[in-house]
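Notes to accompany the following structure.
What follows draws every value from the coordinates through simple rules; no lab data is involved. Source: prediction; values computed, not measured. No Cβ is skipped: glycine too gets one built from the backbone with ideal geometry, and neighbour counts run over all protein chains shown.
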Amino acid sequence: MIRVSTIKGYRPTAGRRARQDAACPDPLLAARGRSNARVARETGLHLDTVRTWRGRFAGNRLLALSDRKRSGRPALAPGQARAMRVNHTYGRGGALAYPAAYDVHHATVFGRCEPTIDIDPFMALVALVAQVMSRSPMRTPSGCSGSSTTAPGLHGPVRVAERHHFAYADGTRYLPIGTTAYAWTHQAERLRAATRRTLAASGFTKVRMCLLPKAYAYNTDEPELYPFPGSVAAGWDTTRFDPRFFRRFEEEVRALRELGIEADVILFHPYDRWGFAQLGRDADDRLTRYAVRRLSALSNVWWSMANEYDLVEAKNEADWERLAGIVAEEDPLGHLTSIHNCGPFYDYAKPWITHCSIQRVDVYRTAENTDTWREQWGKPIVIDECGYEGDIDQGWGNLTGEELVRRCWEGAVRGGYVQHGETYLNDAEELWWSKGGELAGTSPEHIAFLHRVIRESPTSVFDPLPSDWDAPAAGSRTRANSSTSASTAHGSGTSACPPTGATRST
C-alpha cells in the first residue's frame, strides 16, 4: 500500500454557498428596473441588504461584489477555490497494456495484458503478430503448407522435421552447423565486431551463447553491462532490469538473424561470481519472463534452459520444469527448447523438450551413441559439446582438428548433428569458445565439406542405414528407392559412396 498526499481544490459546503449566494442579490434584477422593495420581496432579503449591495454594485460594478477584507480567513473571489491537503491510500497494481492482433484468415483476435513495467508493449505486439501469422496456413509456391512469418530472405523459426531433423517454418531444410561462443555478447564492441565478421565468413548456422555473463578460466574480465541495476559491491536490484544489457543482447541476436544464423540462447548456467546463478525463485521467474518476452518475436531464437543444468546447485528438477513452463507460456512462436547436461542426462522425453542437447559422455566416445539416442528419445540429437579443437591444458579443449572432424562424421552417419568448438589460447586469452573473435583451427572448412555432402544428398539429411557393426553407414533414399550413402570405418578415415560404382575418398 502507498500513501500519497495530493493538493486538491477546496470548495465551500452547500450551506456556505447558499448563504453567500443569498447575501448578494442578482444585479440583473435591478438592471431590469425593479425597485429595491420588489427585489427584496422576490429574493427574500431584507430591504437594507438590497440597498447595501445595490449601492456597492453602482459604485464598482461586479468587482464590488467580492468579499471585502476582514479579520480571520482571507476572502475569496467568487468561484475561487481554497487548496487543502487530502491523503489517499490505494493499492498499486501497475499499468497494463493490451496488445492485440487480428487473424484475417480465421477472423480471430489475439490479445493479452502485459505489465508495462516489465515489457516494451511494442515488442509484445510484435510477438502477437508473429503468433497470428504462424497460425495462418498459407500455400507456398511449391504447394506445401508453410507459414507467413517469413520476411524476404528469411524462412521463419526452425522446427523439428521428420522426427530426427530440422526445417524452417516454410519447409526449407535446416542443418544445424553449430559452434559455441558463450560470452561473446558481453565483450567490447571491437571483439563483438570481430565475432560477427568471423561468423559471416564461416558457414556456421547456429551459435550457443549465454544470456548472463560467465565467469570461468580464460574469462575473468568484468562485463561492460549487467542484467540488473546495481553493482558487485552494493548488490543487485532483481526487481528491475537494465534495458541496456538486454538491448545489446537483442541487437546481437538480430545481427545473427541477418547472417542466417540461429541464436541458441542459454538462459542459466553455473559459472558465476555475481550471484546470478542463485537469484531465487521469484527473480528467476521474472528474468525468464522478461528475456522470453523480449526475444521471442525474433525468428532465429532457440532456448536452452541451462548449460550443464546438473551443476546449477540452486535449482532442482521442479525448478527447471517450472521455468520451462514459463518459456512455453511466454513464447507465442514455440521456438525450439532443450536443456544441456554435464553428467547425467535430463529426461529428454519431457514434452517441452524439442531436441536433445548433449555433452560428451566419454573422453573419446560420444558421437558413437547417436543412433542409440535417436531411437531412445525419438528426437533430433544435437551433440553441442563433444570436445573442442584447441591447445589448452584441459582434456576437453585440446582435440586436433582431425579428431573433431572425425567425431562430426561419426555423429552424422548415425543420424545426428555434432557441433564445432575451438579453444586455441592466444596472448589476449580471447578463446573463441568463450569470447569469440577469430577462429584459428582447421576443422571448420572440413566440417563445411561434411555438410555440403549432406545438403547435396537427395533429401538433404542423413539417416542410419544397415551396416557392419564397426563401419556405420548413413544415407537418404530417393523416391525411386535408390540411395546415396556415407560411412565411417575406424582407422580408415571417412568415405562417401553412391549406390553403384562406389568411390572412396579419405
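Here are some notes:
- ³J(HN,Hα), Karplus 6.51/-1.76/1.60, whole Hz, each residue of region 293-310, x for Gly, Pro: 5, 6, 9, 5, 6, 7, 6, 9, 9, 10, 10, 10, 4, 7, 8, 6, 4, 6
- Size of region 370-479 as Cα extents on the principal axes (Å, biggest first): 54, 27, 24
- Electrostatic dipole magnitude of region 409-452 [Cβ: Lys, Arg +1; Asp, Glu -1; Cα centre; debye, to 20]: 340 debye
- Put simply, region 243-304 fits an ellipsoid with semi-axes of 23, 12, 11 Å; these come from the alpha carbon gyration tensor as the roots of five times its eigenvalues, largest first.
- Placing unit charges on the Cβ atoms only, positive for Lys and Arg and negative for Asp and Glu, gives region 370-420 a dipole magnitude near 340 debye about its Cα centre.
- Label zone at Tyr216 (point 7 Å along Cα-to-Cβ), backbone N below 12 Å, region 183-198: 183-184
- Taking N as its residue count, the alpha carbon Rg of region 212-366 over 2.2 N^0.38 Å: 1.04
- Violating pairs (Cα-Cα greater than 25 angstrom) within the set Lys214/Lys379; Lys206/Lys315; Lys206/Lys435: Lys214/Lys379; Lys206/Lys315
- Magnitude of the charge dipole for region 280-436, about its Cα centre and with charges confined to Cβ atoms of Lys, Arg (+1) and Asp, Glu (-1), is about 660 debye.
- Positive-end residue of His186, Tyr216, Ala201, charge dipole of region 156-219 with Cβ unit charges: Tyr216
- The slack in the chain from Glu251 to Leu425, taken as 0.36 nm per residue of separation less the alpha-carbon distance, amounts to 59.8 nm.
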